[in-house]
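Heads up: the structure comes next, in structure tokens.
What follows is calculated from the coordinates using simple rules that are stated; it is not laboratory data. Bear in mind that the values here come from a model prediction, so they are computed numbers and not experimental data. Backbone-built Cβ (ideal geometry, glycine too); neighbour counts: all protein chains shown.
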Amino acid sequence: MRSKRFIRRIFARLGYEIRRVGEESEGSSLDLWSWLRVNGGIRTILDIGANNGEFAEYLSTYFDAKQTIAIEPLPGCAEEVRQRGKVIKNLTVLECAVSDHEGKATLFENSYAPASSLLPVSSISTDEFPQTAGNQKEVEVAVRRLDDMINPDDFDREIMIKIDVQGLEDKVIQGGEKTFRAAKFVLVEMSFVPMYDGQPLFEEVHELLVNIGFRFAGIKNQVDSPTTGQPLFVHCLYINENKKQVI
């Protein structure tokens, strides 16, 4: 029970509320999730940067997805995702990082696991979120292009891609254009300031998605500086323009 409360607090800081399907909190109102569940027809979840699989489980359950593909480079986290196969229907776990090339790369494994990335955390991140300033070790991980790993034609439609890759958003899209074009929705975390050294900012990632046919459709939540109120990063929904007529 204590671990569940801890997980809920983590998601609350990111602007998410975890609750069982069909459960409505007191005073709650319809939101983006509610609209997607009714109108999206989502059948496949592709979770890029799954961490421990908590959010993949939530998405799979909430949308009653027929299959989920979770991609996670950290071995310990990937194993935690595999354990969720008892709950997540037709779960596939791919243990690697996603980028625009294939090979090996150094991953900076942060003591605060969700902050682990192929890019080092910036001083902005450590100043605003002290939990990311802990120990960091370098781990060699496999790196693959999304389009080399999977064939979207094998998936049940419609597809929702969730991206939470801590600064590699541009590389993920560039190495997975075929897969992205086949998706109906993209939910992506994007930054307004560099939370990681060398990461692309909001406008760069936005342009990449627009160029392959997506339309910015809304914000799930925005995270602001706890000290100044400055917008730091945001979770955005994009809809494939070629599929919007079915919304």
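Springs between alpha-carbon atoms under 10 Å, Gaussian network over the chain: tell me which of Ala217, Ala183, Ala78 tops the mean-square fluctuations.
Comparing Ala217, Ala183, Ala78 in the GNM, the peak value goes to Ala217.
Provide, in order from the shortest bin, the percent of all Cα-Cα pairs of the range 23-129 in each 10 Å bin, continuing until the bin that contains the maximum pair distance.
Percent of pairs per bin, in order: 13, 36, 31, 19, 1.
Can you give the log10 of the normalised intensity I(q)/I(0) at q = 0.27, 0.28 Å⁻¹, computed with Debye over equal Cα scatterers of the range 177-247?
Once normalised to I(0) and log-transformed, intensities are -1.22, -1.27.
From zero up to wherever the largest Cα-Cα distance of the range 70-182 sits, split into 10 Å bins and tell me the percent of pairs in each.
The distribution over the range 70-182 is 13, 41, 34, 11, 1, given as percents.
Of the options Asn90, Pro75, Gly218, report the single residue whose Cα projects farthest towards the positive end of the charge dipole of the chain (beta-carbon charges: Lys, Arg +1; Asp, Glu -1).
Asn90
Just need the Rg to Rh number for the chain, please, alpha carbons only, Kirkwood Rh.
Using Cα coordinates only, the ratio equals 0.93.
Set Lys and Arg Cβ to +1 and Asp and Glu Cβ to -1, take the dipole of the range 95-172 about its Cα centre, and tell me which of Asn110, Met160, Val143 lies farthest positive.
Asn110
Taking only Cα atoms and a 10 Å spring cutoff, compute GNM fluctuations for the chain and point out the largest among Thr132, Thr227, Thr61.
Thr227
Only four residue types carry charge here, +1 at the Cβ of Lys and Arg and -1 at the Cβ of Asp and Glu. Report the dipole size of the range 31-246 about the Cα centre in Debye, rounded to the nearest 20.
It comes to approximately 860 debye.
Name the trypsin sites (Lys or Arg not before Pro) in the range 65-165 that are in a loop by DSSP and that have at most 13 other C-beta atoms within 10 Å, would you?
The qualifying sites are Lys89.
Anyone know which of Gln199, Gln83, Gln67 comes out most mobile in the 10 Å Cα GNM of the chain?
Gln83
Taking R0 as 25 Å, what FRET efficiency do you get between Leu30 and Glu204 from their Cβ-Cβ distance, rounded to the nearest 0.05?
In this case the efficiency is close to 0.20.
What shape does the range 96-241 take by its C-alpha gyration tensor, where a ≥ b ≥ c are the square roots of the eigenvalues and a/c under 1.5 counts as rounded, a/b above b/c as prolate, and the rest as oblate?
Here the range 96-241 falls in the oblate category.
How much length is gained if the chain between Val87 and Asn211 is pulled fully straight, taking 0.36 nm per residue apart and subtracting their Cα-Cα distance, in nm to one decimal?
Going from the current span to full extension adds 41.0 nm.
Determine the alpha carbon to alpha carbon distance for each of Lys162/Lys184; Lys178/Lys220; Lys104/Lys137; Lys137/Lys171 and list only those over 18 Å.
Correct reply: Lys178/Lys220; Lys137/Lys171.
Under 5 Å between amide H atoms, partner at least 5 residues away or on a different chain: which partners does Gly218 have, H built in plane at 1.01 Å?
Amide H to amide H, under 5 Å and 5 or more residues apart or across chains, Gly218 pairs with Leu237.
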